[in-house]
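Notes for the one structure printed next.
Any read-out appearing in this document is the output of simple, stated calculations on the displayed coordinates, not a laboratory observation. Everything numeric here is computed off the predicted structure, so don't read it as measured data. Cβ sites come from the backbone with ideal geometry, for glycine too, and all protein chains shown count toward neighbours.
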Amino acid sequence: MIIAQISDMHIQEDRRLYKGRFDAAGNLETCITQLNALKPDLLLATGDLVNRAGPAKYAFLRELLAACEIPVYLMPGNHDDRGLMREFFPKHNYLFTENDRLHYKIECDGLNIFMLDSSIPSGDEGNIGADQLAWLENQLALSPEKPAIIALHHPPFATGTRYIDNFFCADGPELRQLVARHPNVLRVISGHLHRNIQVNYAHTIGSVCPSTAVTFGLAIAPKTPFFYSHEPPGYHLHLWQPGKPIITHTVLLPPAEIANGAYPRHHEIRESP
Ligand SMILES: [Fe+2]
Ligand SMILES: [Fe+2]
């Protein structure tokens, strides 16, 4: 089974460049072209689907995602709006629960994926909240032997990056304690940082998927200011087989100027390493 994860697409209306420089829409198109060739089992989009929510942005995102031949599961980030997500993606039945927050379970053959909603309408920081944590605890207890992945937008752990750790998931420690009680959790995956990192998290691994729109600059030294980087954006592919560890590959997107056509798609590379 291959689970693709994209994050922080930051789509805007009318192909407007992200921060005037970065082709977020073009990058997502390249990503979808690659995924349509690879044909993973499903695609998780872990928040910041658009850049500062608005109807025209979700309309354009819907247009872009229409090209995707893989089942797509959406989750909100701090830039998203739950109401607009429901309005513009009415066929995504999982968005329509009795809860205001958009958490849900994806039941795969032999694996559960728990999608959490860490967004809060009032700010860029996040939290999971007692209700979602209780729901997750109950769900994990229902199938203690079944492997599980937990996904949310805000990393529920420190990233060592000051500008993101200021907008952190407030109850990350509570989630860590919950995960520690459930050895069937294989991975906790997230976005928001616009960089690719891995951390120890309870008995498992916490990871952050890079953004498809733009990579934030490496700012792990204490006084490094925030900046946008020209490192390539990318996405994750999580490979899972029953009884085996999850293997996560990071796929970097080609530079924008050769994104459409000139870059060899992975299925066309036939040489031995
Ligand atoms: Fe983002
Ligand atoms: Fe974010």
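Please identify every one of the chymotrypsin sites (Phe, Trp or Tyr not before Pro) in segment 86-181 that sits in a loop by DSSP and has no more than 16 other beta carbons within 10 Å of its own beta carbon.
In loop regions of segment 86-181 (DSSP not H, G, I, E or B), the sparsely surrounded chymotrypsin sites (Phe, Trp or Tyr not before Pro) are PHE96, PHE167.
Give the long-range amide H neighbours of TYR201: residues separated by 5 or more places, or on another chain, with amide H under 5 Å away, using H modelled in the peptide plane at 1.01 Å from N.
GLY206
Which whole-Hz couplings ³J(HN,Hα) result when phi for each residue of segment 51-63 is put into the Karplus expression 6.51 cos²θ - 1.76 cosθ + 1.60, θ = phi - 60°, listed in order with x for Gly and Pro?
Taking θ as phi minus 60°, the curve returns 9, 6, 3, x, x, 5, 6, 5, 5, 5, 4, 4, 4 Hz for segment 51-63.
Take every Cα-Cα distance within the chain, group them into 10 Å bins from 0 onward, and report for each bin the whole-number percent of pairs it holds.
Histogram of Cα-Cα distances, whole percents per bin: 7, 31, 38, 20, 4, 0.
If each of ALA67 and ASP14 carries a label point 7 Å out from its Cα toward its Cβ, how far apart are those two points in nm?
Going from the ALA67 label point to the ASP14 one covers 2.1 nm.
So if R0 is 25 Å, what FRET efficiency would ASN200 and ALA170 give, r being the distance between their Cβ atoms, rounded to the nearest 0.05? Numbers along the way, then the final one.
Values: r = 20 Å, r/R0 = 0.81.
With a Förster radius of 25 Å, E is 0.80.
Obtain the nm distance between the two label points defined at TYR163 and LYS146 by a simple spin-label model: each point lies 7 Å from its Cα along the Cα-to-C-beta direction.
4.1 nm
What ³J(HN,Hα) values, in whole Hz, does the Karplus curve 6.51 cos²θ - 1.76 cosθ + 1.60 give for segment 241-254 when θ = phi - 60°, with x put for Gly and Pro?
10, x, x, 10, x, 7, 10, 10, 9, 9, 9, 8, 7, x
Given a Förster radius of 30 Å and the C-beta distance between ILE220 and LEU42 as r, what FRET efficiency does 1/(1 + (r/R0)^6) yield to the nearest 0.05?
Given R0 = 30 Å and the Cβ-Cβ separation, E is 0.40.
Amide H to amide H, which residues 5 or more places from SER118 or on other chains are under 5 Å from it, using H placed in the peptide plane?
Amide H neighbours of SER118, under 5 Å, 5+ apart: HIS153, HIS154.
For VAL251, VAL208, what ranking results if the residue with the fewest other Cβ atoms within 10 Å of its Cβ goes first?
VAL251, VAL208
How many nm is it between the label spots at PHE96 and HIS230, if each spot is 7 Å from the Cα in line with the beta carbon?
4.8 nm
According to the Kirkwood expression over distinct Cα-Cα pairs, how big is the hydrodynamic radius of segment 1-154, in Å? Before the final figure, lay out each step's value.
Details: mean 1/r = 0.0622 Å⁻¹.
Roughly 16.1 Å, rounded to one decimal.
In whole Hz and in residue order, list the ³J(HN,Hα) couplings for segment 127-133 that follow from phi through the Karplus curve 6.51 cos²θ - 1.76 cosθ + 1.60, θ = phi - 60°; x for Gly and Pro.
Result, ordered by residue: 8, 9, x, 4, 5, 5, 4 Hz.
Only sites in a loop by DSSP and with at most 11 other Cβ atoms within 10 Å count here; which GluC sites (Glu not before Pro) in segment 126-221 make the cut? Before the final figure, lay out each step's value.
Values: sites: GLU137, GLU145, GLU174; in loops: GLU145.
Hits after loop and neighbour filter: GLU145.
Relative contact order of segment 2-268: what whole-number percent is it, with Cα pairs under 8 angstrom and at least 6 residues apart?
Over segment 2-268, the number comes to 19 percent.
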